[in-house]
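Worksheet: the structure to be examined is printed underneath.
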Amino acid sequence: MTRSDAQQVPNQSPPFADVDLFGIDRPLQEAVAANGAGGEAAALEAGPRDAAALDATALDATALGAFGRRWGTAAMFEMARLADQYPPRLKTFDAEGRRSDTVEFHPAYHHFMAESIAAGLHASTWQADAARAGAPAEVARAARFYMVAQVENGHQCPITMTRASVAGFGGDATLAKMLMPKLMSRHYDPVLRPWREKIGITLGMGMTEKQGGTDVRANTTRAEPDGDAYRITGHKWFMSAPTSDAFLVLAQAGGGLTCFFLPRFAPDGRINALHFQRLKDKLGNRSNASSEVEFADAYASRIGEEGAGIRTILPMVQLTRLDCAISSAGMMRAAVSRAMHHGRHRHVFGKPLAEQPMMRSVLADMALEVEGAVAAVMRLSRSFDLAASSPAEAARARLLTPAIKYAVCKAAPVLVCEAMECLGGNGYVEEGAMARLYREAPVNAIWEGSGNVVALDVLRAISRDVEAARATLAELAREAKDLPGVAEAIALIVTALASDTAEAQARTVVERIAVLAAAAALASGPAAPIADMFARTRLSGRAGASYGAAALDAAETRLLLGRVLPDF
Ligand SMILES: Cc1cc2nc3c(=O)[nH]c(=O)nc-3n(C[C@H](O)[C@H](O)[C@H](O)COP(=O)(O)OP(=O)(O)OC[C@H]3O[C@@H](n4cnc5c(N)ncnc54)[C@H](O)[C@@H]3O)c2cc1C
């Protein structure tokens, strides 16, 4: 082989880059339109590329298309690789031995933070126009968050914590009033200085301790009153985004587990006593820093009543769980579109991979899974938009958030693994995006309530308000009424819940609820055949143990593959 032959590289797929992540995603377009955002598909092509069109409060397809083009560039994909390959480093002390407790990030991480904050992903849903009753602000943001998840996942952690923390301020109107203007800012300011002096800030949260993560009642971190404030002593075993300007932290006060606002600086301007011990050496999510931290008499102010910590922080957890599901659906989309792209370009045994019958079955089955996931998360986001004005939608969000978080976050690692295999050896190599996606995918199932924990939360939601849960299930059944397997799924759920082994069967119940919700969401969209295929292969019968074993005929396969990725 001559040198020039080696440089030709025939029969490898061209880079998946410089794409419009919205314009090439028909299932996403339909899902946002079905839920009140996105506008006419016809407007997709024409969108301007100016920064104003990227505003996350702009709900139309033109703005989403501009956002999709901005995030789908080769430069963005390359920066995502860099942010992962050069993970953050903890700087505990400065050169003279003074504590510094700072973290050094690759510039690519800061770039993503600045982009997402400029687009309002950390705040748009709290803005006045977004709060307009019924405006599809959650849906429009979810569409963007879904696209961002196809590029860089690590920075989504501080973005989601910042936006969700606002829900935790319910217990302190004064604090909320002071913080909101800074939280609403589209300016990313990573400099370490007191939050009062900054234009824009980000927030993190600290709940998990060594001896008890899920069971936060086992928290031993103590809070002692100190005038109007408190002093916090103890630790957190996981506290991500340690460079945030402040944290919502759970600690034991006299009246029980309580939520606190713990800033990086005390009000006297001195750096607060948060001592970062280490950064976690993680499987994935590497661009994001996750610390172990000790608090040594750290200043904090209380949010809500003493003893009301869990109640105060729960609304926030609902939002982070929603984002986990959106982000996992986005990762699934990234994986399947890359697999499809490769299949179109890579020839084996005389024709493109994507023309080989068995590969078509694999790709179509994965495409169908993503159709269900994106429909489910966008419909769930719509419930959050409507919850304030509709008790039925609030109940729907309460029941379906943990269920959909469970199902989509569990589906993502399996699907990403299969999609990685579609690229053969290239999928397994770190230069490409698939290996990173594979390392990233499991985390959303673990944090913000691991699988069993969110499944128990579904049971809790049902037992706390049986009538509301019954009404939500009836509504799902109505929306999905002509689809195969709906009646059987409802019967299974009802029987399992009534049995004295309901907890042991919780995963079965939760899976069925989530699949039913996805089928109902698809049935409410324009693509009726997709809803039918989804229900037939996921609700009525079980799809095979691996992708490619679902009973889809040639016409259905063609339809799914035509939708998943246009020839661009
Ligand atoms: C990368 C990363 C970043 C993180 N960042 C943060 C952060 O910023 N702030 C923060 O507070 N935490 C953070 N966490 C912690 C995370 O939220 C917890 O790890 C998670 O909630 C699980 O808690 P745990 O690790 O203590 O496991 P455990 O609570 O011990 O759970 C272990 C297993 O037991 C299961 N389980 C628990 N209870 C039951 C039950 N009753 N029945 C059946 N099964 C059960 C769980 O589903 C899980 O599978 C982070 C974690 C990771 C991996």
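The values are calculated or read from the model by the stated rules, or taken from the named source; none is laboratory data. Just so you know, these numbers come straight off a predicted model, no measurement behind them. Please note: Cβ atoms are built from the backbone with ideal geometry, for glycine as well, and neighbour counts cover all protein chains shown. Protein only, heavy atoms only, side chains kept; ligands, DNA and RNA dropped before computing areas. Shrake-Rupley method; radii C 1.70, N 1.55, O 1.52, S 1.80 Å.
Here region 36-76 is the region considered, the condition is being in contact with a Pro (Cβ under 8 Å, 6 or more places away or on another chain) and at pLDDT 95 or above, and the residue that is nearest to GLY525 (Cα to Cα) is ALA66. Annotation: of all residues in region 531-568 being of a type in the set (A, V, I, L, M) and surrounded by fewer than 16 Cβ atoms within 10 Å (Cβ to Cβ), the one that is farthest from ASP482 (Cα to Cα) is ALA545. More than 16 Å from the ligand (Cβ to nearest atom), of a type in the set (Gly, Ala, Ser) and under 18 Å from PHE534 (Cβ atoms) - does that describe any residue in region 426-446? Looking through region 426-446, none of the residues is more than 16 Å from the ligand (Cβ to nearest atom), of a type in the set (Gly, Ala, Ser) and under 18 Å from PHE534 (Cβ atoms). Residue count for region 260-278 under the criterion of being farther than 11 Å from GLU294 by Cα and either in a strand (DSSP E or B) or among the aromatic types (Phe, Trp, Tyr) (or both): the result is 6.
Inspection of region 410-418 identifies at least one residue that is away from the ligand (no atom under 16 Å from the Cβ) and closer than 14 Å to ALA514 by Cα. Of all residues in region 431-451, those that are closer than 21 Å to GLN85 by Cβ and in a helix (DSSP H, G or I) have Cβ atoms under 6 Å from Cβ atoms of residues that are within 13 Å of the ligand (Cβ to nearest atom) and open to solvent by 30 Å² or more (accessible area, probe 1.4 Å), 6 or more apart or on another chain, in ARG439/LEU283.
When PHE349 is tested against (1) crowded, with 24+ Cβ neighbours inside 10 Å; (2) without any contact (Cβ under 8 Å) to a residue 40 or more places away in the chain; (3) not hydroxyl-bearing (Ser, Thr, Tyr), exactly one condition is not met: (1). If the condition is being open to solvent by 40 Å² or more (accessible area, probe 1.4 Å), over 21 Å from ASP228 (Cα atoms) and touching a helix residue (DSSP H, G or I) at 6+ places or on another chain (Cβ under 8 Å), then region 303-317 contributes ILE310, PRO315.
For the residues GLY269, GLY255, the requirement of being out of contact with any strand residue (DSSP E or B) (no Cβ under 9 Å at 6 or more places or on another chain), closer than 30 Å to ASP94 by Cβ and more than 16 Å from the ligand (Cβ to nearest atom) singles out GLY269. Restricting attention to region 447-461 and to residues that are over 10 Å from TYR406 (Cα atoms) and surrounded by fewer than 22 Cβ atoms within 10 Å (Cβ to Cβ), the residue that is farthest from the ligand (Cβ to nearest atom) turns out to be ALA461. Scanning region 224-242 for residues that are open to solvent by 80 Å² or more (accessible area, probe 1.4 Å) and either within 13 Å of the ligand (Cβ to nearest atom) or not assigned by TED's automatic domain parsing to the domain that holds GLN252 (or both) turns up just one, PHE238. One residue is enough: does region 231-242 have a residue meeting the conditions touching a strand residue (DSSP E or B) at 6+ places or on another chain (Cβ under 9 Å), among the polar types (S, T, N, Q) and closer than 21 Å to GLY168 by Cα? Yes: region 231-242 contains one or more residues that are touching a strand residue (DSSP E or B) at 6+ places or on another chain (Cβ under 9 Å), among the polar types (S, T, N, Q) and closer than 21 Å to GLY168 by Cα.
At pLDDT 95 or above, crowded, with 24+ Cβ neighbours inside 10 Å and acidic (Asp, Glu): is that true of GLU418 in this structure? So GLU418 fails the test. So is LEU283 assigned to a loop (DSSP other than H, G, I, E, B), of a type in the set (A, V, I, L, M) and under 21 Å from the mean Cα position of the chain (by Cα) or not? In short, yes.
Scanning region 484-507 for residues that are open to solvent by 70 Å² or more (accessible area, probe 1.4 Å) and among the small types (Gly, Ala, Ser) gives ALA487, ALA498, ALA504. The single condition from (1) closer than 23 Å to HIS122 by Cα; (2) touching a Cys at 6+ places or on another chain (Cβ under 6 Å); (3) not assigned by TED's automatic domain parsing to the domain that holds THR214 that ALA339 fails is (1). Is it the case that some residue within region 99-109 is surrounded by fewer than 19 Cβ atoms within 10 Å (Cβ to Cβ), modelled with pLDDT of 95 or more, farther than 30 Å from ALA176 by Cβ and out of contact with any helix residue (DSSP H, G or I) (no Cβ under 9 Å at 6 or more places or on another chain)? Checked region 99-109: at least one residue is surrounded by fewer than 19 Cβ atoms within 10 Å (Cβ to Cβ), modelled with pLDDT of 95 or more, farther than 30 Å from ALA176 by Cβ and out of contact with any helix residue (DSSP H, G or I) (no Cβ under 9 Å at 6 or more places or on another chain). Number of residues in region 385-415 that are touching a Pro at 6+ places or on another chain (Cβ under 7 Å) and modelled with pLDDT under 95: the value is 1.
Take GLU475 and tell me if it is more than 16 Å from the ligand (Cβ to nearest atom), open to solvent by 30 Å² or more (accessible area, probe 1.4 Å) and not in a helix (DSSP H, G or I). In short, no.
The set of residues in region 183-223 being of a type in the set (D, E, K, R) and either within 16 Å of the ligand (Cβ to nearest atom) or surrounded by 14 or more Cβ atoms within 10 Å (Cβ to Cβ) (or both) consists of ARG186, ASP189, ARG196, LYS198, GLU209, LYS210, ASP215, ARG217, ARG222.
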